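Below: one structure, written as structure tokens.
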Amino acid sequence: MRTTVGIIGAGPAGLLLARLLHDAGIDSVVLESRDRAYVERRQRAGILEQGTVDVLRAVGAAERMDREGLRHDGIELRFDKRRHRVDFPALTGGRSVTVYAQTEVCKDLIALQLEDGGPLLFETEALAVEDADTDHPRVRFRHGGADGAEDVLECDYVVGCDGFWGVARRAVPAAPSRTFERTYPFAWLGILADVAPSHDELVYARHDRGFALLSMRSPSVSRLYLQVPEGTDAEAWSDEEIWDELERRFETDDDWTLRRGPVTQKSVTPMRSYVHEPMRHGRLFLAGDAAHIVPPTGAKGLNLAVGDVVTFARALAHRRETGSAELLDAYSATCLRRVWQAERFSYDMTTLLHRAPDATPFDDRLQVARLDRIASSRAAETDLAEAYTGFPIG
């Protein structure tokens, strides 16, 4: 097999890249190790920045998002039983975010790709990226499970959208690469519940017992999180214990109440920050979780991946139109400027709202002072709103 761009991974990043390249008249092949059903139900992020929404509209993948997605014009911060709303449009010149699950983004992009895009091969495991430092990199792959035959995809470029554990990142030599990492001594216990959200926007709560987040997947499905110790077993918490703890951490001085309903899913999400530099080796380009991971507090993961593939698609189209490799050569540096701003924001949000196991009363008062500053200073509030709604792509 031969193509211009071999894309490893059919998550949102890989699927969107295939669509961007298709619209630019550049052929590609997408290799995905899982089957279609798995990809379309793989639960991940659900908050789309303004820039991500704009890109999905531009590639024709927004019809259902515009109909079913929930536009949010702000978030609520809670601390000391107080409530403060951050008004995004008023602070950012009209920007907002949209709640629309990653599963739905993937469904929309898969439908477009199968309708008129290039090959999208499910149950096709990428085994290795070879000759990445030459003009003709190759992806060795196997189709049809462990007993399937091996084959080779010859490319001009390979883009690894296959996550932290994928083959793309492992194909980058350890030297002169550098990695930067931070792990956190807590995790998120997340639930899906068949109950209407208790608030019409996301609520980020700082409490002496730990952080809590009220989110949603639809007008009838709530997504909620609790800060828990690292290594927590989700099944060690009963449904009633989870609801009781959420109620404690979301408590306010007014008559707000938390709606309860049947819990349909429980999971624990570890918290870490990770950046791989550079995001390129020869003609192999890393995108999304293959290159960087952020704590979920800032809702940046999926959106950073979108920024990466938009940057690559623009650079390759520029190369095709002008013959200049300037933008391709700048890919890593361009992406990393945005990545580090997102890492900074996600770290700030995490340390602002979570209580460390060794926190002192001094630390607690500093957190409240930081939240007070956001609630009382338009400049501080604007910085949060601009970062939350998204940093410029490119």
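For the stretch 116-125, the tally of residues that are touching a helix residue (DSSP H, G or I) at 6+ places or on another chain (Cβ under 7 Å) and at pLDDT 95 or above stands at 2.
Summed over the stretch 239-298, residues that are among the hydrophobic types (A, V, I, L, M, F, W, C) and either out of contact with any Leu (no Cβ under 8 Å at 6 or more places or on another chain) or assigned to a loop (DSSP other than H, G, I, E, B) (or both) total 13.
Asp254 falls short on exactly one of the conditions (1) closer than 24 Å to Asp200 by Cα; (2) touching a His at 6+ places or on another chain (Cβ under 9 Å), and that condition is (2). Evaluation of Gln341 against the conditions (1) closer than 17 Å to Phe180 by Cα; (2) touching a Ser or Thr at 6+ places or on another chain (Cβ under 8 Å); (3) of a type outside the set (Ser, Thr, Tyr) shows that the sole unmet condition is (2). In the stretch 226-252, of all residues being of a type in the set (Ser, Thr, Tyr) and in contact with a strand residue (DSSP E or B) (Cβ under 6 Å, 6 or more places away or on another chain), the one that is nearest to Asp208 (Cα to Cα) corresponds to Thr252.
Conditions tested, residue by residue: (1) touching a Lys or Arg at 6+ places or on another chain (Cβ under 9 Å); (2) surrounded by fewer than 21 Cβ atoms within 10 Å (Cβ to Cβ).
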{"site": "Val159", "(1), (2)": "no, no"}
{"site": "Arg170", "(1), (2)": "no, yes"}
{"site": "Asp194", "(1), (2)": "no, yes"}
{"site": "Pro197", "(1), (2)": "yes, no"}
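What are the residues in the stretch 226-264 that are over 27 Å from the mean Cα position of the chain (by Cα) and over 20 Å from Ser198 (Cα atoms), if any? Answer for the stretch 226-264, where residues must be over 27 Å from the mean Cα position of the chain (by Cα) and over 20 Å from Ser198 (Cα atoms): Ala236, Ser238.
Taking the conditions (1) among the aromatic types (Phe, Trp, Tyr); (2) in contact with a helix residue (DSSP H, G or I) (Cβ under 8 Å, 6 or more places away or on another chain); (3) surrounded by fewer than 19 Cβ atoms within 10 Å (Cβ to Cβ) in turn, Trp256 satisfies each one other than (2).
For the subset of the stretch 67-115 comprising residues that are of a type in the set (S, T, N, Q) and at pLDDT below 95, which member is surrounded by the fewest Cβ atoms within 10 Å (Cβ to Cβ)? Steps first, answer last, please.
Going through the stretch 67-115, the residues of a type in the set (S, T, N, Q) turn out to be 92, 96, 98, 102-103, 113.
In the following step, the residues that additionally are at pLDDT below 95 were identified as 102-103.
On the way: Gln102: 20, Thr103: 18.
This residue is Thr103.
Regarding Ala111, is this residue farther than 13 Å from Leu31 by Cα and more than 24 Å from the chain's Cα centre (by Cα)? Please lay out each step first, then the result.
Values: farther than 13 Å from Leu31 by Cα: yes; more than 24 Å from the chain's Cα centre (by Cα): no.
Spelling it out, it is not the case that Ala111 is farther than 13 Å from Leu31 by Cα and more than 24 Å from the chain's Cα centre (by Cα).
Cβ-Cβ distance below 6 Å, separation of 6 or more or different chains: which pairs start in the stretch 133-161 with a residue that is closer than 23 Å to Ala291 by Cβ and end on one that is open to solvent by 80 Å² or more (accessible area, probe 1.4 Å) and in a loop (DSSP other than H, G, I, E, B)? Sorted first by the residue in the stretch 133-161, then by its partner, the pairs are Leu153/Met1.
Here is a check on your reading of the model: is Phe180 open to solvent by 20 Å² or more (accessible area, probe 1.4 Å), at pLDDT 95 or above and of a type in the set (Phe, Trp, Tyr)? Judged against the criteria, Phe180 is a match.
Within the stretch 264-274, one or more residues are surrounded by 15 or more Cβ atoms within 10 Å (Cβ to Cβ), among the aliphatic types (A, V, I, L, M) and closer than 29 Å to Val310 by Cβ. In the set Arg206, Arg249, Arg217, Arg283, only one residue is among the charged types (D, E, K, R), modelled with pLDDT under 95 and open to solvent by less than 60 Å² (accessible area, probe 1.4 Å); that residue is Arg217.
Restricted to the stretch 300-394, the set of helices (runs of 4 or more DSSP H) holding at least 2 residues that are among the small types (Gly, Ala, Ser) and free of Cβ contacts under 8 Å to residues at least 60 places away in the same chain comprises 331-353, 361-376, 378-389. All of (1) crowded, with 22+ Cβ neighbours inside 10 Å; (2) under 21 Å from Val309 (Cα atoms); (3) hydrophobic (A, V, I, L, M, F, W, C); (4) under 18 Å from the mean Cα position of the chain (by Cα) hold for Phe164 with one exception: (1). Within the stretch 328-376, the set of residues being of a type in the set (S, T, N, Q), closer than 23 Å to Ala187 by Cβ and either modelled with pLDDT under 95 or open to solvent by 30 Å² or more (accessible area, probe 1.4 Å) (or both) comprises Thr351, Thr360.
Which of the residues that make up the stretch 280-296 are without any contact (Cβ under 8 Å) to a residue 60 or more places away in the chain and under 17 Å from the mean Cα position of the chain (by Cα)?
Step one: filter the stretch 280-296 for residues without any contact (Cβ under 8 Å) to a residue 60 or more places away in the chain, giving 280, 292, 294.
His292, Val294 - these are the residues of the stretch 280-296 that are without any contact (Cβ under 8 Å) to a residue 60 or more places away in the chain and under 17 Å from the mean Cα position of the chain (by Cα).
The values are calculated or read from the model by the stated rules, or taken from the named source; none is laboratory data. Everything numeric here is computed off the predicted structure, so don't read it as measured data. In this analysis, Cβ positions are derived from the backbone assuming ideal geometry, glycine residues included, and neighbour counts consider all displayed protein chains. Ligands, DNA and RNA are stripped out before the accessible areas are found, and what is left, the full protein with its side chains, is counted by its heavy atoms. Shrake-Rupley method; radii C 1.70, N 1.55, O 1.52, S 1.80 Å.
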